[in-house]
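Read through the structure below, which is laid out as structure tokens, and then see the notes.
The values are calculated or read from the model by the stated rules, or taken from the named source; none is laboratory data. Remember, predicted model here, so these are calculated numbers, not experimental data. For neighbour counting, all protein chains shown are included, and Cβ atoms are generated from backbone atoms with ideal geometry for every residue, glycine included.
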Amino acid sequence: MTPDELAELLRSHVREVPDFPEPGVLFRDITPLLADGPAFAALVDGLAERYRGTIDAVAGLESRGFILAAPLAHALGVGMITVRKAGRLPGPVLGVDYSLEYGTARLELRSETVAEGSRVLIIDDVLATGGTAAAAIDLIERSGGTVAGLAMLIELVALEGRSKITGYPLESILRY
């Protein structure tokens, strides 16, 4: 399947929900994609084909990034690193605070899960303002890993999150 064919298939499984979670927001719901076995398999297979042999680990960002990271790590035969929201990992952890569209948040990581010098792909479902992805980059690098790239299922282009990720390969399958 070509990248364009994959994007067309995936886009047909993303549901648009107006005014969620608040008025004026158009939410891109990936649950229909995840519920469709062949479409979800095509996503994982397409990512595996793209990154095979180029990474040593996949870092999934809580929570929907985990859904993408686990099968991709399995398909590639590499480990999965969990980048979690604050307070969800037993210590010691590295943490970083970052800005969201409507406030602040914190991500944490157990640094021993990142092998020194390992090439890590960061994956998540959506790139919006870029704060979460930038925080994950910081954590991976402070843990001794090298960020080999970022893969996002959806990029919300108008929010300009890509501008916070300069200097790293960043791929998004669907751009809205």
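Tell me which residues, restricted to segment 127-149, are touching a Ser or Thr at 6+ places or on another chain (Cβ under 9 Å) and in a strand (DSSP E or B).
Of all residues in segment 127-149, those touching a Ser or Thr at 6+ places or on another chain (Cβ under 9 Å) come to 127, 129-131, 139-140, 142-146, 148-149.
Leu127, Thr146, Ala148, Gly149, listed by residue number.
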Residue match in segment 52-59 (condition: in a loop (DSSP other than H, G, I, E, B), of a type in the set (D, E, K, R) and closer than 19 Å to Pro169 by Cα): yes
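Taking segment 90-125 as the search range and keeping residues that are within 23 Å of Ala158 (Cα to Cα) and charged (D, E, K, R), which one is surrounded by the most Cβ atoms within 10 Å (Cβ to Cβ)?
Initial filter on segment 90-125 (within 23 Å of Ala158 (Cα to Cα)): 98-105, 122-125.
Narrowing further to those that are charged (D, E, K, R): 101, 124-125.
On the way: Glu101: 11, Asp124: 26, Asp125: 19.
Per the stated criteria, the residue is Asp124.
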Looking only at segment 158-176, and only at residues there that are surrounded by 13 or more Cβ atoms within 10 Å (Cβ to Cβ) and part of a helix (DSSP H, G or I), the one that is farthest from the chain's Cα centre (by Cα): Leu159
Subset of segment 62-96 (residues that are under 18 Å from Ala128 (Cα atoms) and without any contact (Cβ under 8 Å) to a residue 24 or more places away in the chain): Ser63, Phe66, Lys85
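Looking at segment 1-44, which of the residues that are among the acidic types (Asp, Glu) and modelled with pLDDT of 95 or more is nearest to Leu72 (Cα to Cα)? Step through it out loud before you land on a result.
First pass over segment 1-44, keeping only residues among the acidic types (Asp, Glu): 4-5, 8, 16, 19, 22, 29, 36.
From what is left, the residues that are modelled with pLDDT of 95 or more are 4-5, 8, 16, 19, 29, 36.
On the way: Asp4: 20, Glu5: 19, Glu8: 20, Glu16: 25, Asp19: 32, Asp29: 20, Asp36: 17 Å.
Looking at the filtered set, the residue picked out is Asp36.
In this structure, does Leu9 turn out to be without any contact (Cβ under 8 Å) to a residue 40 or more places away in the chain, part of a helix (DSSP H, G or I) and surrounded by fewer than 17 Cβ atoms within 10 Å (Cβ to Cβ)?
So Leu9 fails the test.
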Hits in segment 80-119 - residues which are assigned to a strand (DSSP E or B) and acidic (Asp, Glu): Asp97, Glu108
Whichever residue in segment 126-151 is under 29 Å from Leu10 (Cα atoms) and in contact with an Asp or Glu (Cβ under 6 Å, 6 or more places away or on another chain) and, among such residues, is surrounded by the most Cβ atoms within 10 Å (Cβ to Cβ): Leu127
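Here is a yes/no grid of residues against (1) touching a residue at least 12 places away in the same chain (Cβ under 8 Å); (2) over 17 Å from Arg106 (Cα atoms); (3) of a type in the set (Gly, Ala, Ser):
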{"position": "Ala133", "(1), (2), (3)": "yes, no, yes"}
{"position": "Ala136", "(1), (2), (3)": "yes, no, yes"}
{"position": "Arg142", "(1), (2), (3)": "yes, no, no"}
{"position": "Leu150", "(1), (2), (3)": "yes, yes, no"}
{"position": "Leu156", "(1), (2), (3)": "yes, yes, no"}
